[in-house]
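Down below is the structure, laid out as structure tokens.
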Amino acid sequence: MLLKSLIKPYLLNPALKPYFQHPEHIWRNILLRFPSKASDKNHVFIIGAPRSGTTLLHVILTAHPLFTGCQTETCLFTWQNLFCNDSFCTSGLSKDEMSETLRHSKDVIQFFDKLVDKVLCNTGSKRFIEKTPQHIFRLRFLIKWYPNAQFIHIYRDGRDCYCSSRNHSVIRQYHDIVSYAYRWRRSIRTRLRQGQSSNILDVKYEELTSEPEKNIRQIMSFLGEEFVTQQLDPNIYGLDKRSQEEQFTKLAKPIDSTSQNRWKQELSRKEIEIFQKIAGAELHLLGYPIDE
């Protein structure tokens with residue numbers, strides 16, 4: 001019984017489940033996580049806490065004719081089993097192509113670059129936009145091994161993030177305000193520890209949704225590309241398969257500010273106190289009002 005109680009959390013972790021199904025992959029996965037050479041690629045990585053607007057930003061950027069990306073999170077730089085990853089299938093690659101590419105890759109950096117090169121070649125795009133929120137916790141690693149990459153960190157009032165997360169997140173722990181508050185706080189602290197950098201842009205969700213064109217132009221300037229009007233077109237957003245999912249139905253609509261300050265109506269006094277007790281300092285640091 002004791003052994004069962006100790007391993008139960010790991011068995012329930014969706015990222016670790018494939019390892020229990022394929023224990024022969026464990027050692028190879030470990031070795032792949034230790035690169036020997038930095039990449040010269042200029043990928044764009046979108047990072048942030050869950051439900052901070054990372055998907056919205058990804059759809060906006062990939063609406064540009066020069067950009068492309070997977071219509072799902074790649075999770076390649078987390079500890080998920082690379083041999084069970086099929087994220088690039090949403091970009092037109094087959095699982096066999098992914099498996100073959102992995103077999104001929106020395107490490108995860110080379111694996112990702114090879115997959116991206118295939119997608120860019122197939123689509124005629126110029127740059128790849130990667131979006132995996134939890135890669136925020138791999139920011140130091142990514143900056144080290146992708147010195148030419150650019151990173152866009154989008155942040156949002158954590159209380160609103162929780163309102164969205166508890167209604168839509170497929171990760172059950174995010175339905176609990178304590179678990180989510182700690183997750184949000186950890187995300188923000190991780191970004192702050194990295195400090196200012198010329199290859200990192202911080203985007204405030206509330207500003208993006210209040211003045212979309214102004215903020216998208218600023219983002220495109222950071223990326224060194226011109227803004228195009230189709231980046232504001234909800235009909236283009238609607239072509240993304242994620243817009244058909246219940247949790248992302250707003251993607252197929254014009255960008256607006258209606259999702260701001262939800263916490264004031266949706267959270268109880270007790271919930272607000274709990275969140276602010278855990279992450280109040282970070283909320284204040286980012287300029288969000290603290291409810292007394």
Need the full-extension length gain, GLU207 to ASP291, defined as separation in residues times 0.36 nm minus the C-alpha distance. One decimal, nm. 28.2 nm
How are the Cα pair distances of the range 253-292 distributed, in percent, across 5 Å bins from 0? 5, 21, 26, 23, 12, 7, 5
Label model pair SER221, SER268: point-to-point distance (7 angstrom along the Cα→beta-carbon line) in nm is 4.6
Quick calc, the range 17-125, dipole around Cα centre from Cβ unit charges on Lys, Arg (+) and Asp, Glu (-), nearest 20 debye, gives 220
Taking the range 44-137 on its own, what percent of its Cα-Cα pair distances exceed 24 Å? 16
Unsatisfied cross-links (Cα-Cα over 31 Å) in the set LYS41/LYS253; LYS214/LYS277; LYS131/LYS264: LYS41/LYS253; LYS214/LYS277
Taking Rh as the Kirkwood radius computed over C-alpha pairs, what is the Stokes-Einstein D of the chain at 20 °C in a medium of viscosity 1.002 mPa s, expressed in µm² per second? 106
What is the order of ARG186, ARG51, fewest Cβ neighbours within 10 Å to most? ARG186, ARG51
Ranking of VAL119, VAL44, VAL228 by count of other Cβ atoms within 10 Å, fewest first: VAL228, VAL119, VAL44
Ranked packing of 278-284, 97-103, most packed first, by mean Cβ within 10 Å: 278-284, 97-103
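All of the numbers you see were taken from the coordinates with simple rules; none came from a lab. Bear in mind that the values here come from a model prediction, so they are computed numbers and not experimental data. Cβ coordinates were reconstructed from backbone atoms using ideal geometry, including for glycine residues, and neighbour counts include every protein chain displayed.
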